[in-house]
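Scroll down for the structure; my scribbles are underneath it.
Each reported figure results from applying straightforward, stated rules to the coordinates on display, with no laboratory input. The structure displayed is predicted, hence computed values, not measured ones. Cβ coordinates were reconstructed from backbone atoms using ideal geometry, including for glycine residues, and neighbour counts include every protein chain displayed.
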Amino acid sequence: MLGLKLATDPRWVNIVEKNIEEILTDHAWCEQKAVSNSISLVISYPEYTELVDEMLAIAKEELAHFEMVHQKIKQRGLVLGKERRDEYVNDLYQFMRKGYKREIALVDRLLFSALIEARSCERFKILSEQIRDEDLKQFYRELMISEATHYTTFLSFARKYSGKQDVDKRWQEWLDYEAEIISKYGKKETMHG
């Protein structure tokens with residue numbers, strides 16, 4: 001369903017389980033960045049009313065996820081750590097077309113967002129199936145469903161606002177690029193690391 005060309009090595013869960021504090025902190029900040037991304041799309045493309053409405057809804061949902069992760073952190077007697085740099089997202093960002101017409105930039109921005117949601121969904125699925133912590137297993141199952149919805153939303157808007165662009169071709173280019181870079185990740189106890 002997600003179209004990802006290279007699956008995460010399931011042994012990534014073993015790395016995560018060694019440092020739950022780190023994965024939860026990193027996850028919380030990923031949710032915050034998702035909020036910022038949605039708001040940024042609203043600011044950059046206010047003329048697309050349907051997009052604005054949906055991005056506001058996603059921003060609210062992602063903020064609720066941030067709060068949920070923060071609650072998990074507090075329940076475990078931990079403290080939210082400092083924001084982490086997401087190298088995976090920064091690598092993906094390098095592939096985005098910049099300096100093009102607004103419509104081209106919008107489609108790439110939406111595909112970039114869809115891809116991050118797809119990979120997050122895949123990672124949540126692995127956690128929901130393989131992590132030994134039953135509380136986190138259920139938690140990530142619920143979040144996986146939400147991420148899948150966000151993925152399809154971003155992809156749908158890319159198609160809707162594509163104009164004459166071949167969105168499916170560009171999506172395949174994104175998937176190919178992501179397969180190249182993801183091979184160096186999956187070795188850290190971070191959501192995309």
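Angle, helix 20-44 long axis vs. longest principal axis of the chain, Cα atoms, 0 to 90°, nearest 10? Helix 20-44 sits roughly 20 degrees off the main axis of the chain. Annotation for segment 57-97: trypsin sites (Lys or Arg not before Pro) lying in DSSP loop with at most 11 further Cβ atoms inside 10 Å of their Cβ are K82, R85. Over segment 21-92, one equal point on each Cα, no solvent: what is log10 I(q)/I(0) by the Debye formula at q = 0.15 Å⁻¹? Log-scaled intensity ratios, in q order: -0.55.
For segment 65-138, please report how many Lys pairs fall under 23 Å Cα to Cα, leaving out neighbours fewer than 8 apart on the same chain.
Eligible lysine pairs with Cα atoms under 23 Å apart amount to 6.
When you filter the trypsin sites (Lys or Arg not before Pro) in segment 155-187 for DSSP loop state and at most 15 other Cβ atoms inside 10 Å of their Cβ, you are left with K164, K184, K187.
Placing a label point 7 Å from the Cα of L4 along the Cα-to-Cβ direction, the residues of segment 105-125 whose backbone N falls under 18 Å from that point are 111-125.
Hey, for a label at T149 modelled as a point 7 Å past Cα toward Cβ, could you say which residues of segment 33-48 have their backbone N under 17 Å away? Of the residues in segment 33-48, 34-35, 38 have backbone N under 17 Å from the label point off T149.
The stretch between D166 and K74, if pulled fully straight at 0.36 nm per residue, gains 28.5 nm over its current Cα-Cα span.
Of the trypsin sites (Lys or Arg not before Pro) in segment 1-54, the ones in a loop by DSSP (not H, G, I, E or B) with at most 13 other beta carbons within 10 Å are K5, R11, K18. Each listed q (0.27 Å⁻¹) maps to a log10 I(q)/I(0) for segment 118-193, found by the Debye formula over equal Cα scatterers with no solvent: -1.19.
If you count, for each residue, the other Cβ atoms within 10 Å and average over each peptide, how do 139-147, 120-128 line up from highest to lowest?
Packing proxy ranking, top to bottom: 120-128, 139-147.
Computed on segment 1-136, with alpha-carbon pairs under 8 angstrom and 6+ residues apart, the relative contact order is 30 percent.
Helix 102-130 and the longest principal axis of the C-alpha atoms of the chain enclose an angle of approximately 20°. Rounded to the nearest 10 degrees, the inclination of helix 134-160 to the longest alpha-carbon principal axis of the chain is 0 degrees.
Taken about its Cα centre, the chain carries a charge dipole of about 360 debye when Lys and Arg each add +1 at the Cβ and Asp and Glu each add -1 at the Cβ. Projected over all directions and averaged, the alpha-carbon convex hull of the chain occupies 10.2 nm².
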